[in-house]
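First comes the structure, then the notes that go with it.
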Amino acid sequence: MAGLATLAASTGFPPVPACGPTQGAGPIIAFELVRSPAQLAELFGPSSCSGAFQAAQIRASWWDALAFIPAYAAFLALGAWALGGNARRLSRIAIAVLLAGALLDEIEGLILLQLAHHWQSPPDLFGALFFAVRPKFALLGIGSLLLAALAWRGTPIGKIAALPLAGGGLASLWFLFSDPHEPAMMLGHRYAWMALLALAAIGSIRPRWVGRP
């Protein structure tokens, strides 16, 4: 159920059309990655569309904070717990890493709301934004690798799911440090989480197929 809630929340984001250049990323991710007032002003673009862009980013930030982050935090943490079996130490580490990433995501949202409301004369929050966004993505990527390790310890179906979990986690980490504007960074997270959702769906029907033997 938490996985389905995450899927619904991810598809329910208010649309945010691009107003300025996003360097290849989606407008929301590009907003998360801004590093200076000049980049922020460039992203918000000309006055003819900046007002609509501001309103859309504020709506998206609230949806992220109230719907998407709680849903995925529950989904990933419950997934780590369910896959733990007798590897409870690894399971608890995974839960801690994933929840820390979600907490940073909530902190990031508070910063983005401040920048969105005051984008023409932004407060000096770009350093704080950097140290919320980058560690968040890193922790979520590491969390996918830990989920892959937990799934690999289980049944053959778990081992199959571990491959996209690990591949998605590695891809997200690679592009985070090489080119975070590259859409493949977010695709890595998406494929990893979809693999976990598929595993959860199978387990809800045939628990023995995904549980520890």
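3J(HN,Hα) along the stretch 99-115: 5, 5, x, 5, 5, 4, 5, 5, 4, 4, x, 4, 5, 5, 5, 5, 5 Hz, from the Karplus curve 6.51 cos²θ - 1.76 cosθ + 1.60 with θ = phi - 60°, whole Hz, x for Gly and Pro. Annotation: residue 28 carries an accessible surface of approximately 50 Å², with a 1.4 Å probe and no ligand, DNA or RNA atoms counted. For the stretch 65-143, build the charge dipole from Cβ charges (+1 Lys, Arg; -1 Asp, Glu) around the Cα centre, then report which of 120, 77, 133 sits farthest towards its positive end. Value: 77.
In the stretch 30-126, what is the volume of the convex hull around the alpha carbon atoms, normalised per residue and reported in Å³? Write down the numbers at each step before the final one.
Working: hull volume 8.4 nm³, N = 97.
Given the Cα convex hull of the stretch 30-126, per-residue volume reads 87 Å³.
Hey, what D do you get for the stretch 172-213 in µm²/s if you plug the Kirkwood alpha-carbon radius into Stokes-Einstein at 37 °C and 0.692 mPa s? The Stokes-Einstein estimate is 280 µm²/s.
Rounded to the nearest whole Hz, the Karplus-based 3J(HN,Hα) values (6.51 cos²θ - 1.76 cosθ + 1.60, θ = phi - 60°) of the stretch 75-81 follow the sequence 4, 5, 5, 5, x, 5, 5, with x at glycine and proline.
With kT/(6 pi eta Rh) evaluated at 10 °C and eta = 1.306 mPa s, and Rh the Kirkwood radius from Cα pairs, the stretch 79-159 diffuses with a coefficient of 113 µm²/s according to Stokes-Einstein.
With only Lys, Arg, Asp and Glu charged, each at its Cβ (+1 for the first two, -1 for the last two), find how big the charge dipole of the stretch 54-192 is about the Cα centre; round to the nearest 20 debye.
660 debye
Shown in residue order for the stretch 196-203 are the 3J(HN,Hα) couplings computed by the Karplus curve 6.51 cos²θ - 1.76 cosθ + 1.60 at θ = phi - 60°: 5, 5, 4, 5, 5, 5, 5, x Hz (x for Gly and Pro).
Can you tell me the relative contact order of the chain? Whole percent, Cα pairs under 8 Å, sequence separation 6 or more. Write out the running numbers ahead of the final one.
Values: 311 pairs, mean separation 44.3, N = 213.
This gives 21 percent for the chain.
Taking only protein heavy atoms and a 1.4 Å probe, the accessible area of the stretch 1-147 is 68% carbon and sulfur. Each of 15, 142, 45 was placed along the dipole of the chain (beta-carbon charges, centred on the mean Cα), and the one lying farthest toward the positive end is 142. Probing with 1.4 Å while keeping every protein chain in the model, the per residue accessible area of the stretch 31-81 equals 42 Å².
Accessible surface ranking for 160, 93, 1.4 angstrom probe, highest first: 160, 93.
Pairwise over distinct Cα atoms, reciprocal of the mean inverse distance: report the Kirkwood radius of the chain in Å, one decimal place. Can you show the working numbers first?
Details: mean 1/r = 0.0565 Å⁻¹.
Answer for the chain: a Kirkwood hydrodynamic radius of 17.7 Å.
In the chain, the calculated helix contribution to ellipticity at 222 nm averages -25000 deg cm²/dmol per residue, counting -39,500 (n - 2.57) for every DSSP H run with n ≥ 4.
The values are calculated or read from the model by the stated rules, or taken from the named source; none is laboratory data. This one's a predicted model, so the numbers in the text were calculated from it and none came from an experiment. As a convention, Cβ positions derive from the backbone with ideal geometry for all residues, glycine included, and neighbour counts pool all protein chains shown. Remember, those area values only see protein heavy atoms, side chains included, never the ligands or the DNA or RNA. Shrake-Rupley method; radii C 1.70, N 1.55, O 1.52, S 1.80 Å.
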